[in-house]
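Below: the structure, in structure tokens.
The values are calculated or read from the model by the stated rules, or taken from the named source; none is laboratory data. Remember, predicted model here, so these are calculated numbers, not experimental data. Glycine gets a Cβ as well: all are built from the backbone with ideal geometry, and neighbour counts include every protein chain shown. Heavy atoms of the whole protein, side chains included, go into the accessibility calculation; ligands, DNA and RNA do not. Shrake-Rupley method; radii C 1.70, N 1.55, O 1.52, S 1.80 Å.
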Amino acid sequence: MLGSLGDRLGYGPWRGLAKLALVFVLAGPVAAETLQVAALGDSLTQGYGLPPSEGFVPQLQEWLDAEGADAEVLNAGVSGDTTAGGLSRVDWTLTPDVDAMIVALGGNDLLRGIDPATSRENLDGILAAAEEAGVPVLLVGIDAPPNYGPEYKAAFDGMYTDLAEEHDTLLVPDFLGALSRLPDREAAMARFMQPDGIHPNAEGVTRIVDELGPEVLSLLKRARAE
């Protein structure tokens, strides 16, 4: 059929288009490459206290699969890691195969009362490394509790917004926001957190993934565009 079409169109540009159409039919559409997404974080990313299939990364992978997203999420979470730890290993996390990165660090800086200026400097270094590698980032923050004082809280919470603007990253202000914003916060924490009050249980992770999932899709869109 294509051959007869080419004969009817004759020579010139139309014949070239017919040949191009024939090549497309024979070769078929080019399959999209599976994107590799590194999730650089701490115990919240690593899946502390949960069975391997119920942590943040496997649940996010399941969510993306259900959405038909052609992506593989790599667990680069280390329990107990600070922003300094993330900075120390970002270079070997950003292998040539990594197309996008989720950065979710800062919780352990809070637990240790680290100066927000230090945390900010470390995160800035992580985002700069991703920029240099040409890897788009979804930055995920964590809300500081009020017990450190209003100045500390403002500096800590604000660094995520500021850095996202400076480095043009996507932003989710609070990893645990899907839980802490529920109407009865105390009841929500009791239902969706592990007994330590720091890490979400499997049901809590599901809620977190439902909120972060669309942002990860936006991250994948950026990665494909770049």
When residues of segment 181-210 are filtered for being within 20 Å of Glu54 (Cα to Cα), open to solvent by less than 60 Å² (accessible area, probe 1.4 Å) and assigned to a helix (DSSP H, G or I), how many remain? 9
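Within the group Gly77, Gly85, which residue is in contact with a strand residue (DSSP E or B) (Cβ under 6 Å, 6 or more places away or on another chain) and either more than 20 Å from Glu121 (Cβ to Cβ) or not β-branched (Val, Ile, Thr) (or both)?
When all the criteria are applied, what remains is Gly77.
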Could you tell me whether Asp91 is farther than 13 Å from Leu44 by Cβ and not aliphatic (A, V, I, L, M)? yes
Among all residue pairs at least 6 apart or on different chains, which show Cβ distances below 6 Å where the first residue, located in segment 120-139, is in contact (Cβ under 8 Å) with a residue 40 or more places away in the chain and the second is open to solvent by 20 Å² or more (accessible area, probe 1.4 Å) and in a strand (DSSP E or B)? Leu138/Leu170
Checking Leu17 against (1) within 17 Å of the chain's Cα centre (by Cα); (2) modelled with pLDDT under 95, which test does it fail? (1)
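Rundown of residues vs (1) of a type outside the set (Val, Ile, Thr); (2) open to solvent by less than 40 Å² (accessible area, probe 1.4 Å); (3) assigned to a loop (DSSP other than H, G, I, E, B), yes/no style:
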site	(1), (2), (3)
Pro96	yes, no, yes
Ala117	yes, no, no
Leu123	yes, yes, no
Leu127	yes, yes, no
Ala130	yes, yes, no
Asn147	yes, no, no
Ala164	yes, yes, no
Leu171	yes, no, no
